[in-house]
Each structure stands twice: as C-alpha cells, then as structure tokens.
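First the structure, in the form of structure tokens, and then the observations on it.
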Amino acid sequence: MSQEEQKSTVDLYSQYVAPTYGRFNIFPQRGEGVFLWDENGSRFLDFSGGVAVNSLGHSHPDLVKVICNQAAELVHCSNLYQHRGQAELARLLTEEVVGINGKCFFCNSGTEANEGLIKLARKFGEVSPSSIGEPRHEILSFNGSFHGRTTGGMAATGQEKIRSGFGPLMEGFKYLPFNDVTELINGVSDKTVAILMEPVQGEGGINVASSEFLSAVQEICQKRNILLFFDEVQCGIGRCGDLCGWRVIPNAQEIKPDAISWAKGLGGGFPIGAIWIRDKSINDLSLCDLLGPGTHGSTFGGAPLASSVASTVVRKIIDENICDNVINLGELINRELQSRPIPFITELRGLGLMLGFQVNSKAINEIRDFQKTNKTPALFLVELLADSGLLTVPAGSDVIRWLPPLIVKENEIMEALEIMRTVFERINT
C-alpha cells in the first residue's frame, strides 16, 4: 500500500480538497434506500437525502439499470444535435409536471437553472421596456431566499451572509420581506421586470409562501407585465406532495408562473438542472422562444445519460403515486409531534417531506455542552442526531431540516422521530 493510500479520508480532504464546506465527520461508502453506511460499517438513516436530491433513495435498482443501459448506448453528444431523450424529458416536464404549454432548457444544477431565469428576465426587459422606453432589469427576490452560489445566484439571494465578501455583485436586484403583501406592492417599480421566489424557502428556514402572498404576487405580475419565476430547485418534483411545489399551498392551484427552475430531486442523484418557460406571447414571438440560438447554452445540459435518469425519476414519481406517500407521511409527522412533542422543538414548518423543526434557541443556549462550542443551535443538534444514526441538515441557525427520500416508509419515519426524541430527552435530563 502506498503512502497516499495509508492516509485517512480526513487527511486526504485536508491536503487535496478545497475547504468550501463545513464538513461533518461522516465518511459515506455505500447506500441503499433511506440508509447510508460509512467506512466503518456504521448505518445511518439518511433524512438529509443529499439535501433534497435522492428522491428515490440510494442505489434505486431502476436508476442503476437506466444508468448502465444508457451508458452502454450513449453518454454524451453535443447539443448541436437532437437527441430524442432530451426532447422526451422536456415533453414529460411540460405536459405531465407543469401542465401548461411551454418549452424547457437543460443544464447541470440549480444555480445554473436560476442563471437561465436571470438571463431570460434581462432579455424580456429589453424587448418589453419601461413606460419611458428604457430596458427593465430589476428582479425582486425575498429576504431569506437562496438561489445559488454563482455570482448571479448570489446577487439574487436575499441573505447577506451568502453575498458577503464577493462584491461587486451583479446589479439589478431588490430584496423584500417574504410573505408581506404591503411591502411587495410598495417594492414594485417601473424598472421591475421579474419576481423570483421559492414557494417554500429551503435554506432560509423552511418558510412557506401564504396563499394571500402568492395571489398578490401573481396579480401584480399580470397588471404590471412582470414575469413570475418560481425557484423549485428544492421544493419541486414531488418534495412537497405535488410535482409542482406551489400547488400544495392552499388555493394556489390556479397560479401560473412564467418560468420554473428545477434541479436536486429531478435527477435522483444524477446532476441535472432545468428551466421550464411558458408559451406566452411577447410582441411577435413567445416567451419560451426568447432565448434563441447563441443567447444561452450548456455543454452538458440534457445529455443522453442525464435525460434518461431524470425521465425515469419523474416517471416513477407519477406512475407509482409517490406524491400520495409524501402527503400521507407529512401528515403523520405532524400528528406525531402534536401527540408527543419533542424537547427543544417549538414548531414544525413546511409541506410534505420538506420539513423544518424550529429549535428553541433560548433553551439550547442554557446547555453547558453547547456553551463550549461556537456552533449554531441547529448545527449542535444535527451533530448529536448524526452521532445517534440520523442524518439531517440545518436550515439557518435554528431550524433542523428533514429531506428524506420520497420513498421513505412509515416505520422509517417513526424510527427517525424516536431517535430525535431519545437524543433530545437525554439532553433535557
């Protein structure tokens, strides 16, 4: 064995991998369903789901099969050609996911998808200028939002901690309070070209848009000729109990966005991002044709392998009624918490299997072991849960996020709740 092979995984990361993440001391080696095993053979219930990525769990046999079969046939070809698999995926997303006429563009990640939305808005602002004939460039987003870590994605994100240290960022963004109709009305100007929002904010703490707020957003967009963009990178493709996350919000079924961004769960673990753009008349052409040849592109976006995997994921979610499972288990978790509260948890937010457990930060601050750390309350508790075999992720400083595979079973939900209850009761004593 060479000297490099004798080094621990920690040492290899320290020497060769850029320190862009605050990594946990967990060293995954294999996965199956909702379970993950590390290098030492320890088993974890994976309720982080690759941060809302592993829709069908780890190593789903159908995904393994399609990856092997497609890799043996054609992995990649240029987007200058017309591979049928990409077109079939676009049809599936348009007709069976959104159900509104439009077209799709494919890329590799959520932040790339949101970059596409930003460019679409800028292009629209050029062909549909303000009342005085000047191009409109202003995009409204919301405090607590997260739209990616590219320069454009950061500029669109309504969190100073994400943007800090990378200025000057792209201009043309304004941040408004989430779920505040009055501030929304006052925040729109003659320069506003688009509103970009997560129907359910993920990184910001699992905050669900209210019915009133969504209706107000759509009404303003329609009256002021403003584009409505939904970032469903985390909340879409079944995560909230519908293939379109916003439709789970009460009275929001009739909301019609102009474009949607997806990634994460769309590929079930294989990298792919996408945007859907509505077929909407803009002067002499359609919004979905606005990004013509030479205006946008992606070398790897919608490659044969990625398209085949994504089509398989979406098809299974539809054909096996997986969204019903998501809704039923979300309701189960709510009932269990109401009947048997868990120490340090004051509230459960979210929809379906995109859930945020609000932590009582004041109570955590009184714990001696916590006082010895520089961690947030959420991170402190997430690490304790991992030590007991349950993988979760923080959402901000005081929310524990559950994002399990959509195929998780009731007994696995109950096991995860029991781990959380046992670990937190132990702290309490």
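Every listed requirement among (1) in contact (Cβ under 8 Å) with a residue 12 or more places away in the chain; (2) within 23 Å of Phe124 (Cα to Cα) is met by Asn251 save one, (2). Would you mention how many residues in the range 245-263 are outside any strand (DSSP E or B), under 16 Å from the mean Cα position of the chain (by Cα) and not β-branched (Val, Ile, Thr)? Qualifying residue count for the region: 4. Looking at the structure I just gave you, is Ile407 surrounded by 19 or more Cβ atoms within 10 Å (Cβ to Cβ), within 18 Å of Val208 (Cβ to Cβ) and among the hydrophobic types (A, V, I, L, M, F, W, C)? For Ile407, the condition - surrounded by 19 or more Cβ atoms within 10 Å (Cβ to Cβ), within 18 Å of Val208 (Cβ to Cβ) and among the hydrophobic types (A, V, I, L, M, F, W, C) - is not met. Pairs linking a residue in the range 309-336 that is closer than 17 Å to Val64 by Cβ to a residue that is outside any helix (DSSP H, G or I) and of a type in the set (A, V, I, L, M, F, W, C), with Cβ atoms under 6 Å and 6 or more positions apart or on different chains, are Val309/Phe270; Ala310/Ile272.
Which one of Ala18, Ala71 is among the hydrophobic types (A, V, I, L, M, F, W, C) and within 26 Å of the chain's Cα centre (by Cα)? Exactly one of Ala18, Ala71 is among the hydrophobic types (A, V, I, L, M, F, W, C) and within 26 Å of the chain's Cα centre (by Cα), namely Ala18. May I ask you to say which residue of Ser14, Ser78 is outside the structural domain of Leu391 (by TED's automatic domain parsing) and not hydrophobic (A, V, I, L, M, F, W, C)? Unique residue meeting the criteria: Ser78.
Looking at the range 301-403, the strands (runs of 3 or more DSSP E) lying wholly inside it that each contain 1 or more residues that are of a type in the set (S, T, N, Q) and modelled with pLDDT of 95 or more sit at 345-351, 354-359.
The rows are residues; the columns are (1) crowded, with 23+ Cβ neighbours inside 10 Å; (2) within 23 Å of Gly396 (Cβ to Cβ); (3) touching a Leu at 6+ places or on another chain (Cβ under 9 Å); (4) assigned by TED's automatic domain parsing to the domain that holds Asp289.
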{"site": "Asn108", "(1), (2), (3), (4)": "no, no, no, yes"}
{"site": "Gly116", "(1), (2), (3), (4)": "yes, no, yes, yes"}
{"site": "Lys119", "(1), (2), (3), (4)": "no, no, yes, yes"}
{"site": "Ser130", "(1), (2), (3), (4)": "no, no, no, yes"}
{"site": "Glu138", "(1), (2), (3), (4)": "no, no, no, yes"}
{"site": "Gly158", "(1), (2), (3), (4)": "yes, yes, yes, yes"}
{"site": "Ile162", "(1), (2), (3), (4)": "no, yes, no, yes"}
{"site": "Glu171", "(1), (2), (3), (4)": "no, no, no, yes"}
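Within the span defined as the range 187-207, one or more residues are under 16 Å from Gly352 (Cβ atoms), buried (at least 20 other Cβ atoms within 10 Å of the Cβ) and polar (S, T, N, Q). Candidates are the residues of the range 1-51 that are charged (D, E, K, R) and without any contact (Cβ under 8 Å) to a residue 12 or more places away in the chain; the one that is nearest to Cys240 (Cα to Cα) is Arg23.
Of the candidates Asn101, Asn108, Asn79, Asn54, the single residue that is more than 24 Å from the chain's Cα centre (by Cα) and in contact (Cβ under 8 Å) with a residue 40 or more places away in the chain is Asn79.
The values are calculated or read from the model by the stated rules, or taken from the named source; none is laboratory data. Nothing here was measured: the structure is a model prediction, and the numbers come from that model. Glycine also receives a Cβ, built like all others from the backbone with ideal geometry; neighbour counts cover every protein chain displayed.
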